[in-house]
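Data block below; observations after.
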Amino acid sequence: MKKEVDIAVIGGGPGGLAGAFSAGKRGLKVLILERGEELGGILNQCIHPGFGLLYFKEELTGPEYAERWIKMVEELDNIEIWTKTMVLEVSPDKRILAVNEKGLWEIKAKAIIFSMGCRERTQGNLAIPGTRPSGIFTAGTAQRFVNIEGYLPGEKILILGSGDIGLIMARRLRWEGAEVIGVVEKLPYPGGLTRNLVQCLEDYDIPLYLSHTVVEIKGKERLEGVYIAPVDDKGNPILENKKYISCDTLLLSVGLIPENELSEMAEIPLDGKTGGPFVDQFLMTEKEGFFACGNVLLVNDLVDYVSLQGLLAGESAEKYLKGEIKREKKLPVKINGNLRLVVPQYLSYPIILPEITFYFRVLNPKENSILYLKEKEKILKTWKYPMVKPAEMLVIKVSSSILENVEEINFVLEGSK
Amino acid sequence: MKKLTCIVCPLSCSLFIEEKEELKITGNKCERGIKYAKEEIRNPKRVLTTTVKIKDGIYPVIPVRTSKPIPKDYIFPLLKKLSEVELTAPIPSGYKVLENIFNLGIDVITTREMKKLNK
């Protein structure tokens, strides 16, 4: 079967909802392709509060945040929603091969918005020695079990990795009556947001073992316990100090990977630092007419940023269809000092947009930091941060007038400790 | 002496609280830390989010939350109360599952719609 649309949006989570809404509001014919049974993506299982403070100026739970966007999308007649639809292939000439209960579809789009989100790193990515019993889950899988399917993954739980999902699940499982033994983090600092450390661990006296990792897994059918050990400065475990912890469940909260298999099929170059496509200020990838937003672009700390990226991607897709995006010149956005990654990775000229939002992650926690925007030795602008942390993105807006006639864009983050 | 981590901003100051006649707070780098510590010591509150059982829905549980933050001491008693609740689909979002819990003037509401499962 065949189908033609202006904009195909792949993934109906927060990024795709905002992207579809933004393009739909501009009168374009939009199709959302969602592999799950309903829209909302991972928000549906994130039943805790903390969403929407930036965008809606109120604190919502994940399902509530999703519901608002779903309503906004459903009100627009020119947005078609296909759930239970799996995209199998995306070709560089913007043809999409998808399958659903009706059969196989070839969808031709004038522009494509990628909003596939990310997936969790798994046990396979970690290679922990020992047996392979049941009882080892990613934190997100456990979250789905508890919050949507309605059952507990285990009774005596250890969490490896202090990412936000792991912290949230520590509290969630404690509330459901499980014993949460602790959270083990390989790095000397926690991976999650401070409010989650306080409200999920400290509130319930759940210990956090920094600079520790799981070195061995025990158990035949079901997990019986693990050995944990401290790690040295280089992150190597000190095995002579290992100790045994009895548990029936190990949750992994050890990072997220943008899900870009489809982007790769479309021959879109990916940034090794973000794991997502290289994009310019329009969130357009190096292949014209392909846009990316949300966690498929970079792993975001707040869903509000995902939505804002979706809105921009939808707006940009319209600009692209109207032929307004020219790309006469391309300038890379350089990063130095304590910065790990940046989005967008380059600017296209003419800039067109009145201002550009830059998203950064930092390498190390540091106090009294200053972010410089430089052109060669000249400082164009500065931002001050009393504290920067790897878990929290830096997000800044720069007026395009500053960047219109520069020869170099170089962000440098300097800080103490 | 009690110790708290301030969560008002990313600085995450370590706050030290001495409980005498008045609360004496040190370690804060701004005024907001004092306000946070006082509230956390005198009447710490949290929004509780959990799930309750639901019959005939597309999923066996539905997410709920307290309409406002509740005093921390009520969290486990409320979880116990909610473990005894069973709803029947269809249920809209914002449906009052429990009203005026513990006479706090706070309700427990659903945070999503649950459609009836077509068998």
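Key figures
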| item | result |
| --- | --- |
| Tally, over segment B:83-111, of residues that are in contact (Cβ under 8 Å) with a residue 40 or more places away in the chain and closer than 12 Å to B:Ile62 by Cβ | 5 |
| Residues located in segment B:27-53, provided they are surrounded by 15 or more Cβ atoms within 10 Å (Cβ to Cβ), more than 10 Å from the chain's Cα centre (by Cα) and polar (S, T, N, Q) | B:Asn28, B:Thr51 |
| Breaking point among (1) facing chain A (nearest Cβ under 9 Å); (2) among the β-branched types (Val, Ile, Thr); (3) in a helix (DSSP H, G or I), for B:Thr51 | (3) |
| Some residue of segment A:189-201 being free of Cβ contacts under 8 Å to residues at least 40 places away in the same chain, touching a Phe, Trp or Tyr at 6+ places or on another chain (Cβ under 9 Å), within 24 Å of A:Glu224 (Cα to Cα) and outside the structural domain of A:Ile42 (by TED's automatic domain parsing) | no |
| Residue within segment A:185-201 that is over 30 Å from B:Ser83 (Cβ atoms), in a strand (DSSP E or B), modelled with pLDDT of 95 or more and out of contact with any Pro (no Cβ under 9 Å at 6 or more places or on another chain) present | no |
| Helices (runs of 4 or more DSSP H) enclosed by segment A:91-182 - at least 2 residues per element that are of a type in the set (A, V, I, L, M, F, W, C) | A:139-144, A:164-175 |
| Of the criteria (1) under 22 Å from the mean Cα position of the chain (by Cα); (2) free of Cβ contacts under 8 Å to residues at least 24 places away in the same chain, which one B:Ile7 fails | (2) |
| Scan of segment A:107-155 for residues that are within 14 Å of chain B (Cβ to nearest Cβ), of a type in the set (A, V, I, L, M, F, W, C) and in contact (Cβ under 8 Å) with a residue 60 or more places away in the chain, ordered by number | A:Ala142, A:Ile148 |
| Matching residues, segment B:54-77, being in a helix (DSSP H, G or I) and either exposed (fewer than 15 other Cβ atoms within 10 Å of the Cβ) or more than 10 Å from every other protein chain (Cβ to nearest Cβ) (or both) | B:Asp73, B:Tyr74, B:Phe76, B:Pro77 |
| Check on A:Leu250, in the same structural domain as A:Gly294 (by TED's automatic domain parsing), modelled with pLDDT of 95 or more and more than 16 Å from the chain's Cα centre (by Cα) | no |
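For (1) part of a strand (DSSP E or B); (2) in contact (Cβ under 8 Å) with a residue 12 or more places away in the chain; (3) crowded, with 23+ Cβ neighbours inside 10 Å, each residue gets a yes or a no:
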position	(1), (2), (3)
A:Gly16	no, yes, yes
A:Ser22	no, yes, yes
A:Gly27	no, yes, no
A:Ile32	yes, yes, yes
A:Leu53	no, yes, no
A:Glu64	no, yes, yes
A:Lys71	no, no, no
A:Lys84	no, yes, no
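Yes or no, residue by residue, for (1) buried (at least 22 other Cβ atoms within 10 Å of the Cβ); (2) among the β-branched types (Val, Ile, Thr):
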site: A:Thr138; (1), (2): yes, yes
site: A:Leu160; (1), (2): yes, no
site: A:Gly166; (1), (2): yes, no
site: A:Trp175; (1), (2): no, no
site: A:Pro188; (1), (2): no, no
site: A:Arg195; (1), (2): no, no
site: A:Leu208; (1), (2): no, no
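The values are calculated or read from the model by the stated rules, or taken from the named source; none is laboratory data. Predicted model only: the values in this text are computed from it and were never measured. Glycine also receives a Cβ, built like all others from the backbone with ideal geometry; neighbour counts cover every protein chain displayed.
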